[in-house]
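Engineer: Provided herewith is a single structure, encoded as structure tokens, for subsequent inquiry.
The values are calculated or read from the model by the stated rules, or taken from the named source; none is laboratory data. Note that this is a predicted model, so its numbers are computed, not measured. Heads up, the Cβs are rebuilt from the backbone with ideal geometry, glycines too, and the neighbour counts pull from every protein chain shown. What goes into the accessible areas is simple: the full protein's heavy atoms, side chains included, and nothing from ligands, DNA or RNA. Shrake-Rupley method; radii C 1.70, N 1.55, O 1.52, S 1.80 Å.
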Amino acid sequence: RTPNILSKDRGKAGAEGRSLNNMTIQSYGLLLNRACIALQSRITKDGMTNDVILVNNIHDAAYLLVRNDPKAVKWLNDNLIEVMVADFTDGQEIPLTAELDIGPSWDKQYTLDNNLTEAEVLDKMKEFSLV
């Protein structure tokens, strides 16, 4: 509740604005943390510990290392998207969505569509010059 968000008192409005911003960032961070725990469980259960390594998560982004192999990238794309949106989509006015970006570095990222086949992942990897 932010009764002062539109206040002409910039101090009150600013404080509530900062609170709203922090709440949003912290909420997304908690959802991401939950998703990363679920993803790590899947990595272990599916024997992908040599193919997918969860490195870090910051606010609303997870950073991973994935073997440069279409099968591993497809596995990550399928599983990451599932855990990122699981349990959070039913009845939401604003849908929670997620996409996997892949690339050799932070400044060279390419977005993969969700639900790609392994052949489509390979095609995208070739298109992005990743294989």
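Yes/no per residue for (1) touching a strand residue (DSSP E or B) at 6+ places or on another chain (Cβ under 6 Å); (2) at pLDDT below 95; (3) over 26 Å from residue 117 (Cα atoms):
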| residue | (1), (2), (3) |
| --- | --- |
| 7 | no, yes, yes |
| 13 | no, yes, yes |
| 23 | no, yes, yes |
| 28 | no, yes, yes |
| 33 | no, yes, yes |
| 36 | yes, yes, no |
| 56 | yes, yes, yes |
| 67 | no, no, no |
| 82 | no, yes, no |
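Engineer: Continuing with the same structure: Across segment 84-131, what is the total count of residues that are modelled with pLDDT of 90 or more and of a type in the set (A, V, I, L, M)?
Structural biologist: 9
Engineer: Could you check segment 22-62 and list, in sequence order, the residues that are more than 12 Å from residue 84 (Cβ to Cβ), of a type in the set (A, V, I, L, M, F, W, C) and either open to solvent by less than 50 Å² (accessible area, probe 1.4 Å) or part of a strand (DSSP E or B) (or both)?
Structural biologist: 43, 48, 52, 53, 54, 55, 58 - these are the residues of segment 22-62 that are more than 12 Å from residue 84 (Cβ to Cβ), of a type in the set (A, V, I, L, M, F, W, C) and either open to solvent by less than 50 Å² (accessible area, probe 1.4 Å) or part of a strand (DSSP E or B) (or both).
Engineer: Give me the pairs, please: first residue somewhere in segment 50-72 and under 17 Å from residue 34 (Cα atoms) and touching a residue at least 12 places away in the same chain (Cβ under 8 Å), second residue anywhere and polar (S, T, N, Q) and open to solvent by 50 Å² or more (accessible area, probe 1.4 Å), beta-carbon distance under 9 Å, and either six or more positions apart or on two chains.
Structural biologist: As it stands, the answer is 54/40; 57/33; 59/26; 62/56; 64/56, since those pairs meet every condition given.
Engineer: For the subset of segment 1-21 comprising residues that are assigned to a helix (DSSP H, G or I) and polar (S, T, N, Q), which member is surrounded by the most Cβ atoms within 10 Å (Cβ to Cβ)?
Structural biologist: Ranking the qualifying residues of segment 1-21, first place goes to 19.
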